[in-house]
1. Looking only at residues that are in contact with a Leu (Cβ under 7 Å, 6 or more places away or on another chain) and assigned to a loop (DSSP other than H, G, I, E, B) in segment A:21-64, which one is farthest from A:GLN147 (Cα to Cα)?
2. Kindly establish whether A:GLY210 is surrounded by 22 or more Cβ atoms within 10 Å (Cβ to Cβ), away from chain B (no Cβ under 14 Å), in contact with a Ser or Thr (Cβ under 7 Å, 6 or more places away or on another chain) and over 26 Å from A:TYR41 (Cβ atoms).
3. Please verify whether A:VAL139 is in contact with a Cys (Cβ under 6 Å, 6 or more places away or on another chain) and β-branched (Val, Ile, Thr), treating the condition exactly as stated.
4. Among the helices (runs of 4 or more DSSP H) contained in segment B:72-128, which hold 2 or more residues that are surrounded by fewer than 24 Cβ atoms within 10 Å (Cβ to Cβ) and over 18 Å from the mean Cα position of the chain (by Cα)?
5. So, restricting to helices (runs of 4 or more DSSP H) that lie completely within segment A:92-158, which ones have at least 1 residues that are over 23 Å from A:GLN246 (Cβ atoms), in contact with a Lys or Arg (Cβ under 8 Å, 6 or more places away or on another chain) and modelled with pLDDT of 95 or more?
6. All but one of (1) touching a residue at least 60 places away in the same chain (Cβ under 8 Å); (2) at negative phi hold for A:GLY284; which doesn't?
7. Which residues, counting only those in segment A:1-21, are of a type outside the set (Gly, Ala, Ser) and under 27 Å from the mean Cα position of the chain (by Cα)?
8. Among the listed residues B:PHE98, B:PHE85, B:PHE78, which satisfies the condition of being within 27 Å of B:ALA129 (Cβ to Cβ), within 9 Å of another protein chain (Cβ to nearest Cβ) and of a type in the set (Phe, Trp, Tyr)?
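The values are calculated or read from the model by the stated rules, or taken from the named source; none is laboratory data. These numbers were taken from a predicted model, which means no experiment stands behind them. Virtual Cβ from ideal backbone geometry, glycine too; neighbours counted across all protein chains shown.
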Amino acid sequence: MYAQMVKSEASNDDPALLAAFQARIDAGEKIEPKEWMPEGYRKTLIRQIGQHAHSEIVGQLPEGNWITRAPTLERKAILLAKVQDEAGHGLYLYCAAETLGVSRDELTEALLSGKMKYSSIFNYPTLTWADMGAVGWLVDGAAIMNQVPLQRTSFGPYARAMVRICKEESFHQRQGYDIMMKLAQGTPEQKAMAQDALNRFWYPSLMMFGPSDKDSVHSAQSMAWKIKMNTNDELRQKFVDQTVPQAEYLGLTVPDPAVKWNEEKGGYDFSEPDWAEFFEVIKGNGPCNAERIEARQKAWDDGAWFRDGLMAHAAKQRTAKVAAE
Amino acid sequence: MAVALDLDVALFEGLCRLGDSTLVLGHRVSEWCGHAPVLEEDIALANVALDLIGQTQLWLGLAAEVEGRGRDADRLAFRRDVWDFRNLLLVERPNGDFGHTLMRQFLFDAWHQPMLKALEDSHDPRIAAIAAKAGKEVAYHLERSADLVIRLGDGTAESHGRMQTALDRLWPYTGEMMMSDDTDRALAEAGIIPAPDSIRPQWDAVVAEVLAEATLKAPDQAYMHKGGKQGTHSEHLGHMLATMQWLQRAYPDSTW
């Protein structure tokens, strides 16, 4: 789940138009870019899709951190392909946001200035090779939980981008789990590495779904608009129910002694993550916030001459073409 | 002295020269991941790196098979030291700015593409098959790198200056691609890998055409560095291997 705590915007539109719009959504129709939509719907979607796109882009960094240290040629190729997919996801999502009237450059500037956020998870460091397994298994696993229902979201371009993204995400999750399997079946050192990665990524993964429903003030409007399809707690429960048996299969221990099957609710009980930590990370105080934004800022600043050069060449070509006509 | 044995030794060397060059360049390009000037370039660079790593698996896989000492492509990539690497010096040059990276890519692609084309006629069908597959990928690499060199050379004053600086700095590393030694001559005579200098006319033609359109000037300098193909490298390669081989060295003989 790459969009967290997306604030819903209120709409001051004509109540009759709003009602007709809501009726279309309730009937399961897709809203397309050129059609009328409430300003609040448009703004909330820009924020959500933009945050999702930024997460894909910043999300390249923790995994890119291991491409040059991947242990085999095949692992290196798979990791490169995965990070490339993420850049591609960022691209579709920026394009989807553009259909709502905001440019990629504007969104990039909002990311760099801190006006827009990306998922808290990418502010955690990737310290060992096992983290490539944990990120694929847990982080992409959590992302899929949220994104599969978003294939049915009301905004057409977002729903269609999600269909494509989900196919690739499930490959990402499988490759992550496959890395974990190899480590879990490997030497004692490799197994310890896998356990350490699970220990560090467990709670940050649970945080990806955002705060508990009782503290989540923005859900109702977004759910009515089918921008958000499930509550944070529903998705978190689903994720835990899926992941605990996978950890058991690997022979690894989820770092929460409270994890226990609850027959009555038909799911696992588990401890809440430390929400104080979550809010600090969102505020910019996570272990890697500063480095992540510095890296994106540097790429943007160092690339300015490149972008300007291409624009200048294109302008020269146009002038030459006009002169020739 | 059995001729057949000598040829196998030469073939192992020749395949390492191809595979180590794609490995080292693929690694360098992959260092950009997440840091390119625009998203489209992040995607394109990852594509190029992926192609090169894929080609490495094929070249070094065949090298290991020819060698017949029980090693595989990973063993060659991750467990040899600097002096055993046979890549061209050009591809181990550090990335520098994005212009440097692109110019290095173009100067290599302009050699790589005709070399693979010629390798499709190798008497060794295994080599011809790899070259046919890699050739399709590399034709795209050359198209892309030549296009960007032209656009940036003939872009702004700054982009022009950066591309010219990159060209001046990298030029002395281009000669090695077209230099022959005894290994090259033995492989060329056997019809297995064409002589490096046979690629010269095509390389010269493509480079001259692209630089002219890019309004860039090839340096007059005639001196050319050499040694990579024989295992005498710059200081840069050791640092790359320290990163690339770290896991395999720290946890030897583990399965990943």
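1. A:TRP36
2. Considered against the rule, which asks whether it is surrounded by 22 or more Cβ atoms within 10 Å (Cβ to Cβ), away from chain B (no Cβ under 14 Å), in contact with a Ser or Thr (Cβ under 7 Å, 6 or more places away or on another chain) and over 26 Å from A:TYR41 (Cβ atoms), A:GLY210 comes out as no.
3. Against the criterion (in contact with a Cys (Cβ under 6 Å, 6 or more places away or on another chain) and β-branched (Val, Ile, Thr)), A:VAL139 does not qualify.
4. B:73-79
5. A:104-112
6. Going through (1) touching a residue at least 60 places away in the same chain (Cβ under 8 Å); (2) at negative phi one by one, A:GLY284 breaks only (2).
7. Correct list: A:MET1, A:TYR2, A:GLN4, A:MET5, A:VAL6, A:LYS7, A:GLU9.
8. Going through B:PHE98, B:PHE85, B:PHE78 in turn, just one is within 27 Å of B:ALA129 (Cβ to Cβ), within 9 Å of another protein chain (Cβ to nearest Cβ) and of a type in the set (Phe, Trp, Tyr): B:PHE78.
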